[in-house]
1. Using only the Cα atoms of the range 152-228, build the gyration tensor, take square roots of its eigenvalues as a ≥ b ≥ c, and label the shape rounded, prolate or oblate: rounded if a/c is under 1.5, else prolate if a/b is larger than b/c, else oblate.
2. Under the Karplus relation 6.51 cos²θ - 1.76 cosθ + 1.60, θ = phi - 60°, what is the ordered set of whole-Hz ³J(HN,Hα) values for the range 443-449, x standing for Gly and Pro?
3. Name the residues whose placed amide hydrogens come within less than 5 Å of the amide hydrogen of GLY111, ignoring near sequence neighbours (fewer than 5 apart) on the same chain.
4. Give me a comma-separated list of calculated 3J(HN,Hα) values for the range 495-503, in order, Karplus coefficients 6.51, -1.76, 1.60 applied at θ = phi - 60°, integers in Hz, x for any Gly or Pro.
5. Taking Cα pairs under 8 Å and at least six residues apart, what relative contact order does the range 1-154 come out at, in percent?
6. Check each of the chymotrypsin sites (Phe, Trp or Tyr not before Pro) in the range 139-245 and keep only those in coil by DSSP with at most 11 other C-beta atoms within 10 angstrom; list them in order.
7. Using only the alpha carbon atoms of the range 233-331, find the Kirkwood hydrodynamic radius as the inverse mean reciprocal pair distance, in angstroms to one decimal.
8. At most 14 other Cβ atoms within 10 Å and a DSSP loop assignment: could you name the chymotrypsin sites (Phe, Trp or Tyr not before Pro) in the range 263-361 that fit?
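Every number here is computed from the coordinates shown, using simple stated rules; none is lab data. For clarity, every value in this text was computed on a predicted model and none was experimentally measured. We place every Cβ from the backbone using ideal geometry, glycine too, and count neighbours over all the protein chains shown.
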Amino acid sequence: MTRFVTDYVVVGSGIAGLTTALSLGESGRVIVLTKSREQESNSYRAQGGIAAAIGKDDSPELHRQDTLRTGVELCNPQSVAVMVEMAPQTIQLLSGWGTPFDQEGTHFALGREGSHSVSRILHVRGDSTGAGITASLLKQVQAHDQIELMTHTMVADLIVHEGACRGVIALDYDHEPIAYFARKGVVLATGGCGQVYRYTTNDLVTTGDGFAMAYRAGVKLMDMEFVQFHPTALAIEQNPMFLVSEAVRGEGAYLVNDRGEAFMERYHSWKDLAPRDVVSRAIYTEMQAGRSVFLDARALGDRFEKRFPKICRHARNHGIDPETNLIPVTPAAHFIMGGIQTDLHGQTSLPRLFACGEVACTGVHGANRLASNSLLEGAVFAQRVAKKLSSLADQSLAEMPDFSISALCNDKQSQEKLKQSIRQIMWDYAGIVRTAEGLSKGLSLLENVAEQVEDGMFETKNMLMTAQIIMKAALMREESRGGHYRRDFPETRLEWSNKHLVI
């Protein structure tokens, strides 16, 4: 097996991985591993924006209150305080690295989204924020002589030896196994797991690899039952589904059913800008009653195309003109609030293993993430991971044993069939509305799938393991809170406040 030794190994090329790499680049050699093209990440697909209290009517304290309220008494207050306090300087950092945030005159333009009490969302080209940030970071990474970015490299597992993470085992483009050893440590920035669901806005690469690798290594995961379903994906059959940003509702669009009823006033006093779980459940309820749901943005007129050029272009490509037509929408799996349990510096329960971004659970999101806090969390905690990791002494990599790995399974047809089974089971039994009966049945069906998964089906195995963890956690939490809704326990229960399920 080929062996490489470096100072740092970072897995993932989204905002968290790239910010970590750039922050580490001044203190040692960094190898960034990503399993597809470098642009394939949820960060790159993110339309909405990045939140920061930089407006004259705003403050980190207001941002903190909005985040805590949306997280439904499950946020870690310390993590939230760190994130909102570091947000303004993080925007300056990203801007300094070349991110062309939209401006109004000499100031950054600020938009409004659901559950925010003021306008504090920065965008790039209206609705291409994730692409704008990650493209700028990639340019910096590729020009950095201390950072090497390896694409089409599938990390299969962590190398754990004598109680610490020493590196990772990966398969390159030619399916050759390679061991990457890290003198300082390994950072998982592998993103989420939306692909375990039938309908998702997540990139095809988000198969839960980081969660599964960590779990296999005995690392603690937390809050895995909390999955956020974005209310408004474009209701056209495709994977991943195209997101119609929450900012569209922030600009004045509203939801209607096929009877023409603006139904959100029946569900929440904030109507169309209610928290995402409320809006998703409302749409789900309308659909379960046999009604189709649409976004009515016609009042925006030609402003729509100026403000949301990417969404407008995509809709028109499918024969929908937002200026004159209703936009058909449906909820879709979008973000997981839970993940690998970390401290305020991204340290996991395994020495020398760090995590940041969506794969990590810092506790900032609680039971429900506030819109546009995800890109922010990735960039903020990446800086903290880098600061802590670079301060560690080198670990000894002498006398490392040999490691074996299964050959990659090339039967793509069988794997795709198993993946589709997992996605459908998760959508049916661990989706927007859950019950003990459904979750138990789902777990049983996943066990049947497990019997068909062969060695070398790395992605499928990771999807299955992540799906099982989500279902088990959802079965254990006998209440409804944020992104987790149990029809058999519809109330938010006091005894479950500040209670986290660690698996």
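1. oblate
2. 4, 5, 5, 5, 4, 5, 5
3. ARG120, ILE121, LEU122
4. Working through the residues one at a time gives 5, 9, 4, 6, 9, 10, 8, 9, 10 Hz.
5. Across the range 1-154, relative contact order equals 35 percent.
6. Qualifying residues, ordered by number: TYR173.
7. One decimal place: 13.6 Å for the Kirkwood radius.
8. Those satisfying the criteria are TRP270.
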